[in-house]
Amino acid sequence: MELQVADADYGTILQQASGTWQGGQVVGLLGPNGAGKSTLLRLLAGLWRPSHGRVTLNGQDLRNLTSRQRALQIAYLPQELPEDIAYTVKEFVEMGMYAKRGLWGGLSATHRRLVPEALDSLNLGRYMNTPMASLSGGERQRAGLARCLVQGSPIFLLDEPTANLDLYHQLDILNRLGTFAREGYLVVLAIHDLEMAARFCTTLVLLANGKILVQGEPSKVLTEQRVVEVFGVPVRRFRDPYGDFIRFSFLQGELKSQASAVIRRLEEWV
């Protein structure tokens, strides 16, 4: 399973984006607000077409695939789900299986078991017959993840899947995604927490001002200098003494003195 973007532009929002990612990876998209993370995910999902360049799935241009063909391969979760979804949680999650059963096809006994299993695994089983509009933001996000799970696609494209979640559910979701990757799935997610990204992602893609600046292993991408240049926050990087994880100490006292230099540096990338 391979997803590739080659010199893709989307207006001025994303420029000359390139990358190749395969099953077994957890790819974290990092960058400030407005860096192009959500746009890149929408291009990878085939929801938007690049104004230049192309996106391919196993060598086939996404523009040549129908929405059903894409859904069989790609499960996409947007950054936010609408608050006024007019379905119960069960009905909403069942929609994730339309590509396999057809728009008007019925659900088999196997399909029917998948929904409660997915909801139970995300601590949403008791909300099965609850209207989606009654859920909190974090609960809606987990319902969206449950829908991705029952879809059964080998690629997950997730726009900030841990947003609005408490720490327990953040760790649970990221651990679960890591398990999927080890089973051969490809997971691409936008994420803001640098330490979580470094701990759970196998590959990081750092964006700023609509451009991919660097991608690779977390330890090589998240250097102190890059964090300062891209996010405008001076840090010291160190290894967690209880595990082989990257951690950051934020140096508040240096923040103001470096702000103008950071702005000038970002302007150079425009």
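The values are calculated or read from the model by the stated rules, or taken from the named source; none is laboratory data. Note that this is a predicted model, so its numbers are computed, not measured. Virtual Cβ from ideal backbone geometry, glycine too; neighbours counted across all protein chains shown.
Some observations on this one:
- Residue ID - surrounded by the most Cβ atoms within 10 Å (Cβ to Cβ), chosen from residues in the stretch 115-152 that are closer than 18 Å to Leu174 by Cα and of a type in the set (Asp, Glu): Glu139
- Test result for Ser136, among the polar types (S, T, N, Q) and modelled with pLDDT of 90 or more: yes
- Qualifying residue in the stretch 47-64 (condition: modelled with pLDDT of 90 or more and within 30 Å of Ala133 (Cα to Cα)): yes
- Residues (surrounded by 13 or more Cβ atoms within 10 Å (Cβ to Cβ), farther than 23 Å from Ser18 by Cα and among the charged types (D, E, K, R)) located in the stretch 56-99: Glu80, Lys90, Glu91, Glu94
- For the stretch 165-174, a residue qualifies if it is closer than 16 Å to Leu119 by Cα and not in a helix (DSSP H, G or I), and exactly one does: Leu165.
Residues checked against (1) at pLDDT below 90; (2) buried (at least 17 other Cβ atoms within 10 Å of the Cβ):
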residue	(1), (2)
Thr179	no, no
Glu195	no, no
Leu204	no, yes
Ala208	no, yes
Val221	no, yes
Glu224	no, no
Val230	no, yes
Val235	yes, yes
Leu251	yes, no
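- Any hit, the stretch 73-91, residues being farther than 22 Å from Cys148 by Cα and not hydrophobic (A, V, I, L, M, F, W, C): no
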